[in-house]
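S.K.: Sending over a structure as structure tokens; questions will come in a sec.
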Amino acid sequence: MGEPRVVASPADIAAGLRHPDLKQALYDEGAVIMEGTVLTLHGEAHRRRRILEFRVFRKDFFHWYERTVFPATLAGSMAGDIAAGRSELVDLGYRVTMNLTADFAGVDRPEGTAEETQALLRLVETFSEGATLIHSTRPKDTVRDEVRAAIAAFEPQFLAPSVARRRALLDRLAAGDIDEDALPRDVLTVILHKGDPDEFTPDMLTREIAFYLQAGAHSTANSTIHAFHDIYTWAEADPARWARLRDDPVWFQRCVHESLRLHPASPVAWRTAMSTVDLPGAGTLEAGQTVEFRLAEANRDTGVFGADADAFNPHREVAPPTLPFGHTFGTGVHTCLGRDLDGGVVPRGAVDPETHQYGTIALFLRDLFARGARQDRDDPPTRATHTARPNWGRYPIVFDEARAWA
Ligand code: HEM
């Protein structure tokens, strides 16, 4: 129904994304990979799916994830780079975040090799191109065929063995041989254990897990590289900034949140009206009318974030209910399920640095800087040319022992 209406004020976006009569609209073209996934479901079906998948966060999930899964996955993904004394951050960021996301989704990588991670990444690239088909300039049916081929490769190589391993464990649980704590803590296990088999047909299960892989990998990788750049360039201006970043991990997380605000991985969210809806900032929408919520633009609103809203300034004060990263993780019923995983908990007042949850982006970057990571002065970073988004295409870094944190 014509061009989408545009909403760009932070408060109007907060209200709009909470409206019960607006349903997800950005992924209709990408149904080949997105149909029936949690991001596209609406109303009661969405609520049930979200509650189901939220079970992955049971008990002390984040504590366990940040202290057990994360260090092992990071060390395994980075060993070669550390030994070489240098790396390329786009490649490294994708490898690390692909493995972290696969851990969360429940996709095993039995070989544990860089080649295996690359194979998974290539498949996820294709899934993502299918999901965002609405923006693709390539023939849509060609992309759909590529997505079907990627699904056909993903299923036997990655998904089927991951399902088989989990089903065997669930059988042992049912037989009383193990207890629930011995199960993997991931989305696939939750679905196989508690999901409705009629709802999760084999095709639906594949799309849901594939969605988690793409939801987590690209967004986390690009956000990590942006945050490296923002923090690095800001700190280079004054050595005292490096000292504070090293000594104050909660402050470090604040810097990551400031970067997340400036570079939201999803610059817009789209919704379609299910009935006539009066929407702040958009007027009256008829059923079928689409609305575009400009998350990136809202995150630089000077009325909310101040006159220097375009600048990286971790000292800025952000008053609740505005979050320090603005609308980067969305809001309302489709709020990103990976938000706390990547961004950690937003500190409200003083927190205990020993037990605080920092999020994987802050932990990954702290690890890099602690190893002395800096830009390679002989090989400066360059922007990506294959996408309209302002991402980094190549970002060479050196592990400089002289800069390593004691
Ligand atoms: C910096 C990293 C990330 C950013 C910026 C981000 C951003 C977003 C945004 C904006 C949405 C809402 C889209 C909408 O309302 O239309 C969303 C949804 C979602 N994200 Fe993320 N995301 C990130 C990382 C992750 C990770 C690591 C995971 C999990 C592995 C994840 C899983 C999800 C899921 C499952 C949804 C759908 C939730 C629902 O529809 O109920 N995301 N994300």
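S.K.: Ignoring ligands, DNA and RNA, what percent of the accessible area of the chain is carbon or sulfur (1.4 Å)? Please list the in-between numbers first.
M.R.: Numbers: 9530 of 18010 Å².
Carbon-and-sulfur percentage of accessible area, whole number: 53.
S.K.: Using 1/(1 + (r/R0)^6) with R0 = 35 angstrom and r between the beta carbons of Ala164 and Thr68, what's the FRET efficiency to the nearest 0.05? Write out the running numbers ahead of the final one.
M.R.: On the way: r = 24 Å, r/R0 = 0.68.
For R0 = 35 Å, the calculated efficiency reads 0.90.
S.K.: Cut-off 10 angstrom, C-alpha nodes, Gaussian network model of the chain. Which of Ala309, Ala210, Ala240 fluctuates the most?
M.R.: For the chain, modelled as a Gaussian network with Cα springs under 10 Å, the answer is Ala240.
S.K.: Shifting gears a bit: So which GluC sites (Glu not before Pro) in region 274-361 end up in coil per DSSP with only 13 or fewer other C-beta atoms within 10 Å? Let's see the in-between values first.
M.R.: Numbers: sites: Glu286, Glu292, Glu297, Glu317, Glu354; in loops: Glu286, Glu317, Glu354.
Sparse-neighbourhood loop GluC sites (Glu not before Pro): Glu286, Glu317, Glu354.
S.K.: At 222 nm, what helix-only mean residue ellipticity would the chain give, in deg cm²/dmol to the nearest 500, using -39500 (n - 2.57) for each DSSP H run of four or more? Don't skip to the answer; put the middle values down first.
M.R.: Details: 17 runs with 197 residues, N = 406.
Computed mean residue ellipticity for the chain: -15000 deg cm²/dmol.
S.K.: OK, next. At 1.4 Å probe size, put Arg300, Arg246 in order of accessible surface, largest to smallest.
M.R.: On the way: Arg300 80, Arg246 105 Å².
Descending order: Arg246, Arg300.
S.K.: What distance in nm lies between label points placed 7 Å from Cα along the C-beta direction at Val304 and Ile134?
M.R.: It works out to 2.0 nm between the two label points.
S.K.: Here is a further query. Taking the chain as a Gaussian network, Cα atoms linked when under 10 Å apart, which of Thr189, Thr360, Thr142 shows the biggest mean-square fluctuation?
M.R.: Evaluated over the chain, the most mobile residue of the options is Thr142.
S.K.: Under a 5 Å amide H to amide H cut-off, with H placed in plane at 1.01 Å, what residues pair with Gly393 once short-range neighbours are removed?
M.R.: Hits under the 5 Å cutoff: Thr382, Arg383, Ala384.
S.K.: Once you sort the root eigenvalues of the Cα gyration tensor of region 193-299 as a ≥ b ≥ c, which label holds: rounded (a/c under 1.5), prolate (a/b larger than b/c) or oblate (the other case)?
M.R.: Details: a/c = 3.43, a/b = 1.53, b/c = 2.24.
Oblate shape, in that a/c is at least 1.5 and b/c is the bigger or equal ratio.
S.K.: While we're looking at this one, here's another question. Restricting attention to region 31-104, which chymotrypsin sites (Phe, Trp or Tyr not before Pro) occupy a DSSP loop and are surrounded by at most 16 other Cβ atoms within 10 Å?
M.R.: Values: sites: Phe54, Phe57, Phe61, Phe62, Trp64, Tyr65, Tyr94, Phe104; in loops: none.
Passing sites in region 31-104 do not exist.
S.K.: Related question: Rounded to the nearest 0.05, what FRET efficiency is calculated for Arg374 and Val345 with R0 set to 41 Å and r the Cβ-Cβ distance? Don't skip to the end; give the middle numbers.
M.R.: Values: r = 29 Å, r/R0 = 0.71.
My answer for the efficiency is 0.90.
S.K.: On to the next question. Top to bottom by accessible area (1.4 Å), largest first, where do Ile82, Ile13 land? If you can, show how the numbers build up before the last one.
M.R.: Working: Ile82 60, Ile13 0 Å².
Ranked from most to least accessible, the order is Ile82, Ile13.
S.K.: Residue by residue through region 291-296, which ³J(HN,Hα) values in whole Hz follow from phi under the Karplus form 6.51 cos²θ - 1.76 cosθ + 1.60 (θ = phi - 60°), with glycine and proline marked x?
M.R.: So the J values, rounded to whole Hz, are 10, 9, 9, 8, 5, 5.
S.K.: How much FRET efficiency would the formula 1/(1 + (r/R0)^6) give for Arg148 and His386, where r is the Cβ-Cβ distance and R0 is 30 Å, rounded to 0.05? Could you put the intermediate results ahead of the total?
M.R.: Details: r = 22 Å, r/R0 = 0.75.
Given R0 = 30 Å and the Cβ-Cβ separation, E is 0.85.
S.K.: Do any GluC sites (Glu not before Pro) in region 24-69 lie in a loop, going by DSSP, with at most 16 other beta-carbon atoms within 10 Å of their beta carbon, and if so which?
M.R.: Counting only loop positions with at most 16 other Cβ atoms within 10 Å, the GluC sites (Glu not before Pro) in region 24-69 are Glu35.
S.K.: Here is a further query. Between Gln357 and residues 5 or more places away or on another chain, which pairs have amide H atoms under 5 Å apart, with H built 1.01 Å from N, and which residues are they?
M.R.: Val345
S.K.: Anything in the chain that counts as a DSSP H helix reaching 24 Å or more along its axis (C-alpha) with Kyte-Doolittle mean of at least -1.0? List them, would you? Could you put the intermediate results ahead of the total?
M.R.: On the way: long enough: 114-131 (25 Å, -0.04); 202-236 (51 Å, -0.16).
Sorted by number, the helices that extend far enough and score high enough are 114-131, 202-236.
S.K.: Any chance you could look up the accessible area of Arg389 with a 1.4 Å probe, heavy atoms only, rounded to 10 Å²?
M.R.: Here the accessible area works out near 100 Å².
S.K.: Give me the number: length gained by fully extending His315 to Ala11, i.e. 0.36 nm times residue separation minus the C-alpha to C-alpha distance, one decimal in nm. Walk me through the numbers on the way to the answer.
M.R.: On the way: separation 304, 0.36 × 304 = 109.44 nm, distance 2.24 nm.
That pair, His315 and Ala11, stretches by 107.2 nm at full extension.
S.K.: Could you list which residues have their amide H under 5 Å from that of Val6, counting only those 5 or more apart in sequence or on another chain, with H placed in the peptide plane?
M.R.: Those lying under 5 Å, H to H, from Val6 are Glu292.
S.K.: From the backbone phi of region 339-355, what are the Karplus-calculated ³J(HN,Hα) couplings (6.51 cos²θ - 1.76 cosθ + 1.60, θ = phi - 60°) in whole Hz, Gly and Pro given as x?
M.R.: Each residue's phi maps through the Karplus curve to give 4, 6, 5, 7, x, x, 8, 6, x, 10, x, 6, 10, 7, x, 6, 10 Hz.
S.K.: Heavy atoms only, 1.4 Å probe, whole protein assembly: order Ser219, Ser259 by accessible area, highest first.
M.R.: On the way: Ser219 35, Ser259 0 Å².
Final ranking, largest accessible area leading: Ser219, Ser259.
S.K.: Something else now. Met274 accessible area, nearest 10 Å², 1.4 Å probe?
M.R.: 90
The values are calculated or read from the model by the stated rules, or taken from the named source; none is laboratory data. Nothing here was measured: the structure is a model prediction, and the numbers come from that model. Here Cβ is always computed from backbone atoms with ideal geometry, including for glycine, and neighbour counts include all displayed protein chains. We work out accessible area using only protein heavy atoms, side chains counted, and drop any ligands, DNA or RNA first. Shrake-Rupley method; radii C 1.70, N 1.55, O 1.52, S 1.80 Å.
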